[in-house]
Each structure stands twice: as C-alpha cells, then as structure tokens.
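*Asks:* Before I ask anything, let me first share the structure, which is written out below as structure tokens.
The values are calculated or read from the model by the stated rules, or taken from the named source; none is laboratory data. Only a predicted model underlies this, so the values are computations on that prediction, with no experimental measurement involved. Methodologically, a virtual Cβ is constructed for each residue, glycine included, from the backbone with ideal geometry; neighbour enumeration extends over all protein chains shown.
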Amino acid sequence: MSGAAEAPLRVVLDGTPLLGQRTGVGRYVENLLAALADLVGDEHLGLASGTGALAHGPGQAAASGSTTARPDSSGGAEPVAGGAGPTLAARAANGRAPGTARLAEPGRPLELAATAFTWRGLAGLAQALPPGVAPAARRAPARLLQDSWARGERLPVELFTGRADIVHATNFVLPPLRGARGVLTIHDLSYLLTPDAVSTVSARYTTLVPRGLRRAAAVITPSQAVADEAIAAYRLHPDLVTVTPLGVDGAWFDARTPSRDWLRAHGIPERYLLFVGTAEPRKNLTALLSALRGLHGSYRDIPPLLLVGPAGWGPALDTAGLPKGAVITAGYLDPADLRAVVAGAAALCFPSRYEGFGLPPLEALAAGTPVVAADIPAVREVTAPVVGQAVRLVPPADVDRLADALLDVIDHGYGGLAAGPNGPGGLAGPREAGRAHARTFTWRRTARLHAEVYRRAAQS
C-alpha cells in the first residue's frame, strides 16, 4: 500500500424527489441514499458486502465457488465470505450481522451530499436525509432553473451545491456543470414512447434529457429494457449506460395483513383487489375498469378494486356500469399502511401500458401477494423467473384476457396464475418462489452499482 490516502470523492445527488409525497422516484432516492450511506460506513471500516445474487444482471446468480448466500439487512441474499475474522466486532458495531462482512476492495472513498432545486421546500431537505448525507443546496425556483438549463449552459449546478466531483441527477434532469462529472438516471422513456400519457412536466424531458445526456459522463437506468430504449433513441454508446436494478426494502417481507378495525375505519372489506400507483393515463386504469365491468356483469361476489396512491392527473376515471362500492379510493398511504394493504390483497393489479422497472409487483411478491400485470418489457424482465407461478402477465390492451386472469386469481388464488399461457401449472410453493425472487433485489446491491458508476465517471 502507498502512503497518503486518496481525497474523498464528493458525490452530490439530487434529493428534490424526497420533498413532498414520495412516489416512485422519491422512493428510489430515499432508499439509494440510505444504502449509499450504509456502504460508505462499511468502506470506512474496511468492510464490504457482495452486490447480491443479481450483480450480473436480472435473474442471474453471481458466479462464485467460495461463498454462500445469507439474508442481508434489506431482505436480499448476499454472498458471505468465510472467515471474516477480526472484522466481526466492527461489523456488528456498524449495525448489521457480522457474518456478511468481507474485506473491502480498495476504492476512492465517497463523501455524500444531497441538493434540492426548490424555493419553498428547501427547509425540509436536511430532515429528509439519512445520517451520513449532508445537505448542499441554495434556495432557487425549480421552473426557472429548468428553463435556463433547457436553453443552454448558464447557471452551473455547483453554484447551488458548492464543490462537487460527481453530480448525480436522480430524476431525468442533469444541469450544466462547471467542473464536476455528471451522472444521469433515466427511469423510463414514457415522454417519448407514450407522449399521449404524460403530464406537461414530463413532456419537458424531451428537451431536458438530451441536453443532460450531452453533459453526462455516465447514464443509469433501472432495467435493461430502458437501457436498450435509451441507447436506440439517443444513439448512445452502450458503455455509457449501466443498469442498476432497484431494491425491495426488507420490511416488505414482514408485512402483515391489515387488522379488521383498520379496514373498517377506511371503508375497505376484507377481500379486495389492489392497484398501487399514481392515477395517470400510462397506468392503464381504463382497461382495468373495463375488465372489472365485464366481470361484475357476469359474476357475483367480485371483490372491489382498491386504488392506493396520489390523485395524479388526466381524465376522471369512468366507473359507469360498475356497482356501487366496486371501486374504493384510499389515496396516499404511509409506508406501513401501504405494506399492510398489499399483503392483504387478493391480487395486485399492475396493468400499465409502459413502465421503466416494475417495483410494485416485486414488493407484492415480497409481501406474499399474487400479481396480475401487463406483459411489457420491463415488467417481464423483473418477474420472468416466477411468471406462471406467482405472476400472471397479460397484454395491456387485451381487456378480455385481463378479465380472465383476474377471475382466475379471484377463484383460485396462486393456482389461477398458471391457468394462462405464461407458464405451466402445478408448480409447488408459488408464494415462496415469489418471495425468494423478490429477495434477490436489494438496495445494497443498487448502492454498490451506483458507487462503481461514480468512481468510473470520476476517472473518465
């Protein structure tokens, strides 16, 4: 080993999605920051843990002849090196089981900070950050900044963050840079591929994303499906793009169904179908309601559909022809209540026309809930090993097949998921298979993959 230690690599992430109600991107930033802070703490102690069973891509196990798998603190499987030896006490002091420790590979140490581009909400940033992540922001109007960044290279981000080696744009918009290297996360390409189903805010990405790509030293996507779309749409070199699948928080594996008192207080029966997400055209709720309309017209005792999530935007949902109480709107729920209603559902319905990843189906699998979802690239990518066991996929535009899938799972639970053409029936332990698959997606792996991208970008 050589003499002087390397100076920390100061990484500033955009924490704006942490402010307000946390939907998909907000949860990504929240869990990524916490896992990165945890990783930095491990590396400071000279420890590390493996990237998990999916380090080499969705559905692929890491090749190793000298490790075994144990659950990590986020519910995922991590390689365990034999003989952690004298590091065990330090690992335990860092708050997790020492058995998952191994010596860390040398790497430039990370220093984490988060910024936010907002005028009114900036006061809440520091409180939203996990220990080990410092706030680095100045009050600024987000809309005016985006207008400026869409037109040119004025107002470099370091004016608001202070010194930065890496600036990670976590939500599509990478500002101009003075000296830092830029990393850009593209969660999906809905603004290009489903332009009729995006808000005016998302439509602005048609200008902002290409400008950000010209500034970026590295691009991150949550799935190979989005990586392929971005490479094709923007003619990117494949080496610029890294797939970093999202994780499933360990609390999902301990989710319990809601109590009768809680259900009664919220006007929810004990049996219900569930949709989780923002009500917007891309989520294809029109097809879901059409399928339920057909079922209610032909069968008795169809459970109501519970809608959970922010109000969203777009045309009002058309519930004409559905019985009273066939659709129940619960609105936004806190994380604990959300996990409970997912665990208690007869099935999670995920009929989206387009997605960049598909985290709700994985979280439902972790909670032990069957999934009926749209057969679209990203969802198939993240659920493929358990399609026909714990997941039933149907074409998003085929209302009749969606209705058939819902009826099968209503009547037969997990047994109904194998009734379609997606997989063979008679497979043992579908609930356990679903949970085991969900465990392979960990936020710790996500953080390690991000850290590798930061270090590569700094050297580019």
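*Asks:* Being among the hydrophobic types (A, V, I, L, M, F, W, C) and under 27 Å from the mean Cα position of the chain (by Cα) is the filter here, so list the residues in segment 292-311 that pass it.
*Replies:* Correct list: L305, L306, L307, V308, A311.
*Asks:* Then there's this: Restricting attention to segment 312-324, does a residue exist that is under 29 Å from the mean Cα position of the chain (by Cα) and under 21 Å from G413 (Cβ atoms)?
*Replies:* No.
*Asks:* Tell me whether segment 413-429 contains one or more residues that are of a type in the set (F, W, Y) and within 23 Å of D188 (Cα to Cα).
*Replies:* No, the conditions are met nowhere in segment 413-429.
*Asks:* Only one of these conditions is not met by A217: (1) more than 20 Å from the chain's Cα centre (by Cα); (2) in a helix (DSSP H, G or I); (3) not β-branched (V, I, T). Which number is it?
*Replies:* Here A217 meets the rest and fails (2).
*Asks:* Ok, one more. Taking segment 446-460 as the search range and keeping residues that are within 12 Å of L32 (Cβ to Cβ) and hydroxyl-bearing (S, T, Y), which one is surrounded by the fewest Cβ atoms within 10 Å (Cβ to Cβ)?
*Replies:* Among residues in segment 446-460 that are within 12 Å of L32 (Cβ to Cβ) and hydroxyl-bearing (S, T, Y), the one surrounded by the fewest Cβ atoms within 10 Å (Cβ to Cβ) is Y454.
*Asks:* Please pick out the residue among R256, R260, R293, R300 that is in the same structural domain as D375 (by TED's automatic domain parsing), in contact (Cβ under 8 Å) with a residue 24 or more places away in the chain and surrounded by fewer than 18 Cβ atoms within 10 Å (Cβ to Cβ).
*Replies:* Checking each option against the conditions leaves just R256.
*Asks:* How many residues, within segment 167-181, are assigned to a loop (DSSP other than H, G, I, E, B) and either among the aliphatic types (A, V, I, L, M) or out of contact with any Asp or Glu (no Cβ under 8 Å at 6 or more places or on another chain) (or both)?
*Replies:* Looking only at that region, the number is 6.
*Asks:* In segment 111-137, which residues are surrounded by fewer than 19 Cβ atoms within 10 Å (Cβ to Cβ), at pLDDT below 90 and assigned to a loop (DSSP other than H, G, I, E, B)?
*Replies:* Listed by number, the residues that qualify are W119, R120, G121.
*Asks:* Also, I was wondering about something else. Filter segment 303-312 down to the residues that are closer than 15 Å to S352 by Cα and touching a residue at least 60 places away in the same chain (Cβ under 8 Å) and list them by number.
*Replies:* Correct list: G309 only.
*Asks:* Kindly establish whether L184 is among the hydrophobic types (A, V, I, L, M, F, W, C), crowded, with 22+ Cβ neighbours inside 10 Å and in a loop (DSSP other than H, G, I, E, B).
*Replies:* no
*Asks:* Name the residue that is farthest from Y28 (Cα to Cα), counting only residues in segment 162-221 that are out of contact with any strand residue (DSSP E or B) (no Cβ under 6 Å at 6 or more places or on another chain) and small (G, A, S).
*Replies:* In this case the residue turns out to be G179.
*Asks:* Among the residues of segment 348-367, write down those that are modelled with pLDDT of 95 or more and within 10 Å of the chain's Cα centre (by Cα).
*Replies:* The answer is G356, F357, L359, P360, L362, E363.
*Asks:* If you take the residues in segment 398-442 that are assigned to a loop (DSSP other than H, G, I, E, B) and at pLDDT 95 or above, which one is farthest from the chain's Cα centre (by Cα)?
*Replies:* If we take residues in segment 398-442 being assigned to a loop (DSSP other than H, G, I, E, B) and at pLDDT 95 or above, then D398 is farthest from the chain's Cα centre (by Cα).
*Asks:* Restricting attention to segment 248-255, does a residue exist that is closer than 16 Å to F172 by Cβ, outside any helix (DSSP H, G or I) and under 19 Å from the mean Cα position of the chain (by Cα)?
*Replies:* So far as segment 248-255 goes, no, none of its residues is closer than 16 Å to F172 by Cβ, outside any helix (DSSP H, G or I) and under 19 Å from the mean Cα position of the chain (by Cα).
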